[in-house]
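S.K.: The structure's right below; bear with me while I get my questions together.
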Amino acid sequence: MSGPVAREIEILLQEAFLPTRLDVINDSARHHGHSGDDGSGESHFTVVIESAAFVGKSRVDRQRMVNRALGDIPGNRVHALAIRAFAPNEAD
Amino acid sequence: MSDTNERLSKIVGDNDVVLFMKGTPLFPQCGFSSRAVAILDHCGVAYESVDVLQDMDIRQGIKAFSDWPTIPQLYVKGEFVGGSDIMMEMYQAGELQQLLDDAQVAKAS
């Protein structure tokens, strides 16, 4: 059962990148009580995304693309967003 | 804000390796900053650390300066390298050590 922030992340990334793979994983429980745990249960996420949009892009470029697509979510509404962005046929 | 940008330019220009982090290398205040410190320590390089929790202008300014929304952030020779995920990926692939070797930065004393 995913929460509202997870669903918003999914929708924004679907629209921005037409991903061939998209996993939005809520890691918040693993960070319970750490700094950044705001009690919402949606403070820490990992995104695994595969899209043709990442072909030829550097790691920094890929993360910037994802962060930009997510607007004010990373670093503000969500404490931590780990991003693993792949181009198609890249090894995971 | 432009004052902050000037301060940030000076920090990353004056130091070969700079880690913007929450807390200090001895007392990191966030798991991601702690991981970034561990990676740099494993690489055996000397680095300057900036505790963004001590300065709200820096804390907000570095996000726009780097076009990167989260802390920690690593700079080498004035170039933005990435956050803790990228640092870990590069470290595991041997690319971070290579980058630091190529930049000929000072070893940790």
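The values are calculated or read from the model by the stated rules, or taken from the named source; none is laboratory data. What you are looking at is a predicted structure, and each value in this text was computed from that prediction instead of being measured. Side chains included, ligands, DNA and RNA excluded: accessible areas come from the protein's heavy atoms. Shrake-Rupley method; radii C 1.70, N 1.55, O 1.52, S 1.80 Å.
S.K.: Quickly estimate the mean residue ellipticity at 222 nm for the protein assembly as shown, helices only: each DSSP H run with n ≥ 4 gives -39500 (n - 2.57), and the total goes over all residues, rounded to 500.
M.R.: Calculated mean residue ellipticity at 222 nm is -12000 deg cm²/dmol.
S.K.: Oh, and also: Using a probe of 1.4 angstrom, how much of the accessible area of chain B is carbon and sulfur, in percent?
M.R.: 48
S.K.: Go through the stretch B:79-91 residue by residue and turn each phi into a ³J(HN,Hα) via Karplus (6.51, -1.76, 1.60, θ = phi - 60°); whole Hz please, and just put x for glycine and proline.
M.R.: 9, 5, 9, x, x, 5, 5, 5, 4, 5, 4, 5, 4
S.K.: Kindly provide the pair-distance distribution of chain B built from C-alpha pairs, with 5 Å bins from 0 and whole-percent values in order of increasing distance.
M.R.: 2, 13, 25, 27, 19, 10, 3, 0
S.K.: Here is a further query. Which of the pairs A:LYS57/B:LYS107; B:LYS10/B:LYS77; B:LYS63/B:LYS107; B:LYS22/B:LYS63 have their Cα atoms more than 22 Å apart in this structure?
M.R.: Distance filter (> 22 Å) returns A:LYS57/B:LYS107; B:LYS63/B:LYS107.
S.K.: Ignoring ligands, DNA and RNA, what accessible area per residue does chain B give at 1.4 Å, in Å²?
M.R.: Heavy-atom accessible area per residue stands at 50 Å².
S.K.: Let me ask you something else. May I ask for the distance between the Cα centers of the stretch B:42-109 and the stretch A:3-29, given as a whole number of Å?
M.R.: Using only Cα atoms to place each centre, the spacing works out to 27 Å.
S.K.: I'd like the residues of the stretch B:60-109 whose 1.4 Å-probe accessible area shrinks by no less than 50 Å² going from the isolated chain to the full set of protein chains.
M.R.: SASA drop of 50 Å² or more in the stretch B:60-109: B:ASP67, B:TRP68, B:PRO69, B:ASP85, B:ILE86, B:GLU89.
S.K.: Where does each of A:GLU10, A:GLU42, A:GLU50, A:GLU15 land when they are ordered by accessible area, with a 1.4 Å probe and the largest first?
M.R.: I get A:GLU15, A:GLU10, A:GLU50, A:GLU42, largest accessible area first.
S.K.: Over all directions, the average projected area of the alpha-carbon convex hull for chain A comes to how many nm²?
M.R.: Average of the hull's projected areas for chain A equals 5.9 nm².
S.K.: Among B:TYR91, B:TYR75, what's the order by accessible area (1.4 angstrom probe), most exposed first?
M.R.: Heavy-atom accessible area, descending, gives B:TYR91, B:TYR75.
S.K.: Let me ask you something else. Interface A/B, total buried accessible area with a 1.4 Å probe, nearest 100 Å²?
M.R.: Separately minus together, A and B give about 1300 Å² buried.
S.K.: Another question, if that's okay. How long is the protein assembly as shown along each principal axis, judged by its Cα atoms, biggest number first, in Å?
M.R.: Over the protein assembly as shown, Cα extents along the principal axes are 49, 37, 33 Å.
S.K.: So what's the convex hull volume per residue for the Cα atoms of the stretch A:46-92, in Å³?
M.R.: So the per-residue Cα hull volume is 64 Å³.
S.K.: Residues of the stretch A:57-92 losing 50 Å² or more of accessible surface, assembly versus chain alone, probe 1.4 Å, please list them.
M.R.: Listed by number, the residues meeting the 50 Å² cut-off are A:ARG59, A:VAL60, A:GLN63, A:ARG64, A:HIS79.
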